[in-house]
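Let me begin by presenting the structure, written as C-alpha cells, before commenting on it.
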Amino acid sequence: MEQAGKIMEAIRKPNFLAGNGTDFQGKSIDEIEQEIVEVSNRQPGHLTGYDCPKCMNRGYFWMYQDGQRFIRDCECAPVRESIKELRRSGLREVMDKYTFEAFQCREQWQAAVKSDVLQFVNDENRQWLLLAGQPGAGKTHLGTAAAVRFLKAGIPVRYMLWIEDGTRLKAVINDAAAYARLINPLKTCKVLYIDDLFKRKNDQRDNRQTDMVDRGDIRLAFDIINYRYINHLTTIISTERMPEDLFLIDEGTGSRIHERTKAHQVVIRYDRSKNWRISRHGT
C-alpha cells in the first residue's frame, strides 16, 4: 500500500509521463498504471442497500487497457436499482421483515408451502413460481422473501403490484410511447414479481367482491406473460385465483402460466382459517 501510494504521488508530477516509458524504480508506465488500478479497486466504497463483494460497494471498477485508464460500472448496478425500485413500491415497508426466516410455520401446510418456495429459489433450472389461492395465507410474504433472496444473490428483480401498476398502464394504453416506456421494463427484466394478479375488486354498490376481470387487464396480462413466456424469463406470480380460474379468465394467459409453473405451483386451497388477518384477531 505504501509503495502504491508513492507511485500515485509520483505519477501526479507534471513531467512524470514525459519520459521514454519507464521512470519509477525500473517499472514501465503500463506496470505503474496497472498497479494504480489494482490499488484503486481495493478501496471500499460507500454505497448502501446491497453489499457487493466485487466492487466493494463503489459501484464501479477501474480498468487499464490500450494505454487508457477508465471506469466500468459494476454488475451490481441493476441490483441496486432493483432495490431502489422495490423500496419505492408497495414492498418498501415489508422487504426487511418478509423473509423466509420470519415466515411462521405453526401448521404443516405452512411448512409445506415454505419448502416449495425454497425449492424454487434453490432450483438452478427454475422457470416460474405460482403462489395461488387463499387470501391472507402468506403468498405475498413468500413471494417477497424469494425476490429479496434473488437480490441478495445479485439478481435484479422488478415488482409489479397488479392493481396499482396495471391501472397506471391501462391509463396510457392508447399512447404507444408512454405504454412502451412503462411496460417494457416489466416484460424484459431478469426476474419479475407480479403480486395479486387479477385481484378481485370490490363492488362499490354493496361492497362485495366480484370475479369480473375487464378486457384491459386481460390484454395487459397477456402482453407481459407472453413476452416472458417466449423469452424464458423468471417470473413469480401471486394471485387469489386458483390455477383453473386463470384458464377461465383467459386461456392463452392461463395456459402459459400453467406450462411455466408446472414444477413450482404452490396452491393454497380456500379455507378462511388460513387467513392470518382473521385468525390473529380470533374471528
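Before moving on, here are some points about what is shown:
- For ARG92, the criteria (1) in a helix (DSSP H, G or I); (2) modelled with pLDDT under 85 hold in every case but one, which is (1).
- Hits in the range 41-70 (condition: within 24 Å of MET95 (Cα to Cα) and acidic (Asp, Glu)): ASP51
- Failed criterion for CYS55 (all others in (1) closer than 30 Å to SER82 by Cβ; (2) at pLDDT below 85; (3) crowded, with 17+ Cβ neighbours inside 10 Å hold): (2)
- Among the residues listed as VAL121, VAL157, the single one being out of contact with any strand residue (DSSP E or B) (no Cβ under 8 Å at 6 or more places or on another chain) and under 17 Å from LYS190 (Cβ atoms): VAL121
- Some residue of the range 120-129 being in a loop (DSSP other than H, G, I, E, B), crowded, with 17+ Cβ neighbours inside 10 Å and hydrophobic (A, V, I, L, M, F, W, C): no
- Criterion applied to HIS232, HIS258 was being outside any strand (DSSP E or B), loosely packed, with under 14 Cβ neighbours inside 10 Å and not aromatic (Phe, Trp, Tyr), and the one residue passing it is HIS232.
Each row is one residue, and each column tells you yes or no for (1) within 19 Å of ALA146 (Cα to Cα); (2) without any contact (Cβ under 8 Å) to a residue 40 or more places away in the chain; (3) out of contact with any Lys or Arg (no Cβ under 8 Å at 6 or more places or on another chain).
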| site | (1), (2), (3) |
| --- | --- |
| LEU220 | no, no, no |
| LEU233 | yes, no, no |
| GLU240 | yes, no, no |
| GLU244 | no, yes, yes |
| PHE247 | no, yes, yes |
| GLY254 | no, yes, yes |
| LYS262 | yes, yes, yes |
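- Condition met for LEU169 (in contact (Cβ under 8 Å) with a residue 40 or more places away in the chain and not β-branched (Val, Ile, Thr)): yes
- Meets criteria (at pLDDT below 95, more than 17 Å from SER82 (Cβ to Cβ) and either in contact with a helix residue (DSSP H, G or I) (Cβ under 9 Å, 6 or more places away or on another chain) or surrounded by fewer than 13 Cβ atoms within 10 Å (Cβ to Cβ) (or both)) for ARG168: yes
- Any hit, the range 188-203, residues being charged (D, E, K, R), surrounded by fewer than 16 Cβ atoms within 10 Å (Cβ to Cβ) and under 22 Å from ALA145 (Cβ atoms): yes
The values are calculated or read from the model by the stated rules, or taken from the named source; none is laboratory data. Worth saying up front: this structure is predicted, and the values here are computed from it rather than measured. So basically every Cβ, Gly included, is an ideal-geometry build from the backbone, and we count neighbours across all protein chains shown.
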